[in-house]
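Here it is, the structure in full.
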Amino acid sequence: MNLSKIISDLGGEIAFRTYEHLFLTFAAMLIAIAIAVPLGIVLARTRLKAMPPLVMGAAGVVQTVPSLALIAFIVVIFALVTLPTIGVVPGLVALVLYALLPILRNTFTGIRQVDPNMIEVAQGMGMTSRQILTSVELPLALPVIMAGIRISTVWTIGVATLCALIGAGGLGDLILQGLQSIQMDKLLAGTIPAAALALVLDGMLSGLEKWLTPAGIREDEGEAPAGDEEPVKKKAKMPVKTRLILASAIVGIISLALFLPRIDWKGMMAGEDQRTVTTASGQTVPRETLAAGFDAEFLSRPDGYPGLKDHYNLEFEEPPRQLDPGLMYKAAAEGQVDVICAFATDGRIAAFDLTVLEDDQSYFPPYYAAPVVRADTLNAHQGLRDVLNMLADGIADEEMQELNYRVDEEGEQARAVALDFLTQKGLIDPGAQAPEGTGARIHVGGKNFTEQIILGQMMCLLLEHHTNLRPVRKLNLGGTMVCFGALKAGDLDLYVEYTGTGLVNILDQEPISDPQQVYDIVDREFRQEFDLVWLDPIGINNTYTLAMRTEQAERLGIETISDLAEYLRE
Amino acid sequence: MITIEEVSKTFPDGTEAVKDLSLEIEEGETVVLLGTSGSGKTTTMKMVNRLIEPTSGRISVDGQDIMDQDPVQLRRHIGYAIQSIGLFPHMTLGENISVVPQLLGWDQPRTDDHVDQLLNMVQLEPEVYRDRFPSQLSGGQRQRVGVARSLAGDPPVVLMDEPFGALDPITREQLQNEFLELEDEIKKTVVFVTHDVFEAVKMGDRIALLDAGELQQLSSPAELVDNPANEFVSQFLGQQRFQLALVTRTLEFLLDKGIVERTDEELPDGPSLSRHDSLIQALDRFKTTGETVLPIRGGGRAIGELSKKKLLSIIAEVLGESGEESQ
Ligand SMILES: Nc1ncnc2c1ncn2[C@@H]1O[C@H](COP(=O)(O)OP(=O)(O)OP(=O)(O)O)[C@@H](O)[C@H]1O
Ligand SMILES: [Mg+2]
């Protein structure tokens, strides 16, 4: 975990994510300044007494919403009005909303606190209201406004890390991947540049603030002695207006430098540049830029994107965007991204008209789901194994897809769906009330996606109906390593894991394609190394796959991952 | 030059700051608005440049009703200095003084010359002070700049609201004297607000004494001191009347009253007194010249003769009136 290794491994990604982060911060700040400064001026000068508290109140309320919740609200609201729910746009909206208040408040108070005598004198000398604003109020308020901008910028850099959740990119990507995979390297690779950015930008803005403050009201040279004789050195000084224009120009150039690379030149020149590709089936189709969107876990685990990329020699034009698993399918369906990672059992693949690309070179190991239980828990509770094994080979992929769909898209409760299924399968008597358990507590874990929560609920329901044990639901944990770590430490008694994940992610072994072989290895190794037991597989193979919109995949003639890699290489 | 006719001002909260005020100010004249705090001096002054609009009545400047003029244009032609100086802290002295000329559209060389001229006028060396900021000046220097700024753009009318307030007595007197000399040169129409009766007597050609928004007396300083128009004026002057008399009473008055004998002789070489000198100024002449007897000059002739001894007894008598009265 030394720094030079982090830089050599992740240097390229750090640079790119830092760039994205800067872009987000700059864009958000420019928009926020463009809104908040004029608004603050209007509020400070309005005669309507009710206005300022109203607007400031509203901005204040936005500020009290936790930043994570604000981002979530924007995604939900954007989904309702069919605006893009992922990517830079919703991220920017959240950042701008968050950045508004400090600038607004400081502009308002900066102007309000100007000595009324100054205003009166200016009026008495015959300045128009506009001249008073530009020559008296703004110069005197400038330091305060700049301070507001500084606070906002530092906040924005912090909040921007959360934008990674909705595919806006930035250093948050690295941080989330670090969390998902419990990797200190990635965590540091995301955190250090973010902290450094905050420090550097804060320092620069503080310098700018000093430079822009009119000399007469600068704190450091305020009280120079008034000795009559000693003449003041004539230094070539720049008027504040010139400085302001110069500063804006510099910011403008930096912004331009940040924004230019984001412009889709290829897309804009598509008219002239009729690039074509010959597909595997021999057709000639226009070359399109394909954008990939993967969740943090897929991006970071060895049997996810990093391995897939090498195995198929897959090279997207732009690094894949990181998306929350909940948003991925919708983003693909709406065309915000083209290629996503998907779980074979996810109901939304069919529902959103997506097509799974065939893993023609058998890269993904099988991911058969089975409960993993602590050996000591099994020993302590006779019959526990049999109850949990009631589900053995009990769920088919298609059934799981449907269950997932009911929760993800039809808004049913995971518990209700699980109960329904178990009842239908005759594993629970219809209408039976689970007896009030009196036995030991069993901690049942689950990772933070729908299928895991449904399966976790099933385990709990079986325990409740067939034993007197009292399951404790811990069903929304941060990911594989979080669940596994908790199980190993004894904080969990069991959770449903996938064989492939156990092999590659936890045991750190090379992927193997034979399902039985994989199961045997993980069962043996887990027992020996961790004193954990794999129970019987429950039937579903929730392998990772790549998915695309059916329409696009057909049009481009992409059926397998090899086709995709081929297409991208053209 | 400025005509105020039956002007009243009632603020929205019901305060009657000025009541039925009529006042005419001649061109080149300095009229002092005098009164206690809250008597309506500032309000009256601000109505002249429309910083406050009168509730009723008419004000005209140079024969033109101010309500018919664009307030911004009006103000650019009326100099303005306020109670708290009000220099812009973010501008150099040069920039502060340039504001009005620039609003008037003067070109840069003309403005620069004007700034230097005004700084010289208020005894601040342009080379040294032009590029300083207000925070780098002493209080007295700031007041000077405030005065200079109010004269920028050569306005025919200047409004000054306690321009020498908050200064030590010595600096204050120095500034008053400088302004009086300046006034002799530039001959502006000045509305000068103060609550200090000595300052009023010293600066004003005429004094308008206000109380609770009402005009109590409008007269020359000597008239005000010698003939208070009503009980309020007497009370306002109070014990200070007698000290004031030393300032307002001139040698001419002594000649007229026969206290000093009037003659008509050749004016000898050497120091002399002017018939316009006040008693205090005469005493000062004796001190600075070291003489014991001085001729009083008038029209190039010696029209009387005053000894230091006689002057002191006259002064003692003037001050003595106060002693008698208070018994
Ligand atoms: N904007 C205003 N609204 C309400 N009342 C006001 C306003 N301005 C002044 N007044 C009142 O009008 C009266 C006259 O005020 P003004 O400022 O003219 O007094 P002043 O003679 O200049 O006093 P000072 O010597 O203390 O400056 C006072 O009673 C004051 O409280
Ligand atoms: Mg006043």
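The values are calculated or read from the model by the stated rules, or taken from the named source; none is laboratory data. It should be emphasised that the depicted structure is a prediction, and the values quoted were computed from it without experimental measurement. All Cβ positions, glycine included, derive from the backbone under ideal geometry; neighbour counts span all protein chains shown. To get the accessible areas, we keep the full protein, side chains included, count just its heavy atoms, and leave off ligands, DNA and RNA. Shrake-Rupley method; radii C 1.70, N 1.55, O 1.52, S 1.80 Å.
Over the residues of segment B:207-273, compute the C-alpha Rg and express it relative to 2.2 N^0.38 Å.
Working: Rg = 16.3 Å, N = 67, 2.2 N^0.38 = 10.9 Å.
The value comes to 1.50.
Apply the Karplus parameterisation 6.51 cos²θ - 1.76 cosθ + 1.60, with θ equal to phi minus 60°, to every residue of segment B:236-250 and state each ³J(HN,Hα) to the nearest whole Hz, in sequence, with x for glycine and proline.
Each residue of segment B:236-250 in turn: 4, 6, x, 4, 5, 3, 6, 5, 5, 4, 4, 8, 7, 6, 10 Hz.
For segment A:120-174, state the average projected area of the convex hull of the C-alpha atoms over all orientations, rounded to one decimal in nm². Kindly include the intermediate steps, with their values, before the conclusion.
Working: hull surface 21.0 nm².
Orientation-averaged projected area of the Cα hull: 5.2 nm².
While we're here: Please calculate how many Å² of accessible area segment A:508-570 carries per residue, with a 1.4 Å probe and no DNA, RNA or ligand atoms counted.
Normalised by residue count, the accessible surface of segment A:508-570 is 45 Å².
Distance from a point 7 Å along Cα→Cβ of A:Thr242 to each backbone N in segment A:127-170: keep the residues under 11 Å and list them by number.
Backbone N within reach: none found.
Same structure again: For segment B:188-327, what does the equivalent ellipsoid look like in terms of its semi-axes, each the square root of 5 times an eigenvalue of the Cα gyration tensor, given largest first in whole Å?
30, 18, 13
Here is a follow-up. Return the Rg/Rh value of segment A:1-54, two decimal places, where both radii are evaluated on C-alpha atoms and Rh is the Kirkwood radius.
Details: Rg = 20.7 Å, Rh = 14.5 Å.
Using Cα coordinates only, the ratio equals 1.43.
Also, I was wondering about something else. If one puts a single equal scatterer on every Cα of segment A:52-134 and applies the Debye formula without solvent, what log₁₀ I(q)/I(0) results at q = 0.21 Å⁻¹?
-0.95
Right, next: In Å, what Rg and Dmax follow from the Cα atoms of chain B?
Final numbers for Rg and Dmax: 21.9, 66 Å.
Using only Cα atoms, find the angle between the long axis of helix B:93-103 and the longest principal axis of chain B, and express it within 0 to 90 degrees, rounded to the nearest 10.
Helix B:93-103 sits at roughly 70 degrees to that axis.
Extending each Cα 7 Å along its Cβ direction at A:Ala375 and A:Asn476, get the distance between those two points in nm, one decimal.
Label-label distance for A:Ala375 and A:Asn476, simple model: 3.5 nm.
What is the percent carbon and sulfur in the accessible area of the protein assembly as shown, measuring with a 1.4 Å probe over the protein chains and ignoring ligands?
About 53 percent, which is the carbon plus sulfur part of the accessible surface.
Under a plain spin-label model, where a point goes 7 Å from the Cα along Cα-to-Cβ, how far apart in nm are A:Val62 and B:Asp226?
7.4
Which Cα, out of A:Cys341, A:Asn476, A:Leu83, lies furthest along the positive dipole direction of chain A (beta carbon charges, K/R +1, D/E -1)?
A:Leu83
Continuing with this model, one more query. Once the Cα gyration tensor of segment A:440-480 is found, what semi-axes does its equivalent ellipsoid get, as square roots of 5 times the eigenvalues, in whole Å, sorted largest first? Could you put the intermediate results ahead of the total?
Values: eigenvalues 75, 22, 5 Å².
In descending order the semi-axes read 19, 10, 5 Å.
On to the next question. Give me the summed buried accessible area for the B-A pair, 1.4 Å probe, to the nearest 100 Å².
2700
Putting +1 on Lys and Arg Cβ atoms and -1 on Asp and Glu Cβ atoms, find which of B:Ser272, B:Pro89, B:Val247 reaches farthest to the positive end of the dipole of chain B.
After comparing all options, I get B:Pro89.
Now a separate question. Just round it to a whole percent: the fraction of Cα-Cα distances in segment A:433-525 exceeding 17 Å.
Of the Cα pairs, 54 percent sit more than 17 Å apart.
Could you tell me which of the pairs A:Lys186/A:Lys488; B:Lys19/B:Lys46; A:Lys425/A:Lys488; A:Lys49/A:Lys210; A:Lys309/A:Lys488; B:Lys46/B:Lys202 are separated by over 21 angstrom between their Cα atoms in the structure shown?
Violating the 21 Å Cα-Cα cut-off are A:Lys186/A:Lys488; A:Lys425/A:Lys488; A:Lys49/A:Lys210; A:Lys309/A:Lys488; B:Lys46/B:Lys202.
Additional query: Given 0.36 nm per residue, what is the gain on full extension from B:Asp154 to B:Thr171 after removing their alpha carbon distance, in nm?
Residue separation times 0.36 nm, minus the Cα-Cα distance, leaves 3.6 nm.
Also, quick follow-up: Which FRET efficiency, nearest 0.05, do A:Glu551 and A:Arg218 yield, Cβ-Cβ r, R0 56 Å?
In this case the efficiency is close to 0.35.
Something else: Using Cα springs under 10 Å in a Gaussian network model of chain B, which residue among B:Lys46, B:Lys187, B:Lys309 shows the largest mean-square fluctuation?
Highest fluctuation of the listed residues: B:Lys309.
Multiply the residue gap between A:Glu334 and A:Leu80 by 0.36 nm, knock off their C-alpha separation, and tell me the result in nm, one decimal place.
Additional length available on full extension: 90.1 nm.
Ok, one more. Calculate for chain B the 222 nm mean residue ellipticity that helices alone would give, adding -39,500 (n - 2.57) per DSSP H run of length 4 or more and normalising by residue count, nearest 500 deg cm²/dmol.
Taken over chain B, the calculation gives -12500 deg cm²/dmol.
Right, here's the next one. Using all C-alpha to C-alpha distances in chain A, build P(r) with 10 Å bins and read off the rounded percent in each one.
3, 14, 21, 21, 16, 11, 7, 4, 2, 0, 0
Still on this structure, please answer the following. What residue among B:Gln176, B:Gln143, B:Gln235 shows peak mean-square fluctuation when chain B is described by a Gaussian network model with Cα springs under 10 Å?
Comparing B:Gln176, B:Gln143, B:Gln235 in the GNM, the peak value goes to B:Gln235.
While we're here: Projected onto the charge dipole of chain B (+1 at Lys/Arg Cβ, -1 at Asp/Glu Cβ, origin at the Cα centre), which of B:Gln108, B:Pro169, B:Met67 gives the Cα projection farthest towards the positive end?
Of the listed residues, the answer is B:Pro169.
Search the structure for amide H atoms under 5 Å from the amide H of B:Val158, placed 1.01 Å from N in the peptide plane, and list their residues when 5 or more places away or on another chain.
Close amide H contacts, sequence-distant or interchain: B:Gly79, B:Thr189, B:Val190, B:Val191.
Among B:Ser234, B:Ser307, B:Ser98, determine the one that fluctuates most according to a GNM of chain B built with springs between C-alpha atoms less than 10 Å apart.
B:Ser307
Averaging the inverse of every distinct alpha carbon separation and then flipping it gives the Kirkwood radius. What is it for segment A:301-454, in angstrom units?
Final number for the Kirkwood radius of segment A:301-454 is 18.4 Å.
Dipole size in debye (nearest 20) for the protein assembly as shown around its Cα centre, Lys and Arg Cβ +1, Asp and Glu Cβ -1? Before the final figure, lay out each step's value.
Details: 74 positive and 125 negative charges, 238 e Å.
For the protein assembly as shown, the charge dipole is close to 1140 debye.
Still on this structure: With every protein chain left in place, what is the accessible area per residue of segment B:71-184 in square angstrom, probe 1.4 Å?
36
Stick to the Cα atoms of segment B:242-286, pair each with every other, and give me the Kirkwood hydrodynamic radius in Å at one decimal.
Over segment B:242-286, the inverse of the mean reciprocal pair distance is 11.3 Å.
Between segment B:41-89 and segment B:175-247, what is the C-alpha centre distance in whole Å?
After rounding, the separation between the Cα centres reads 22 Å.
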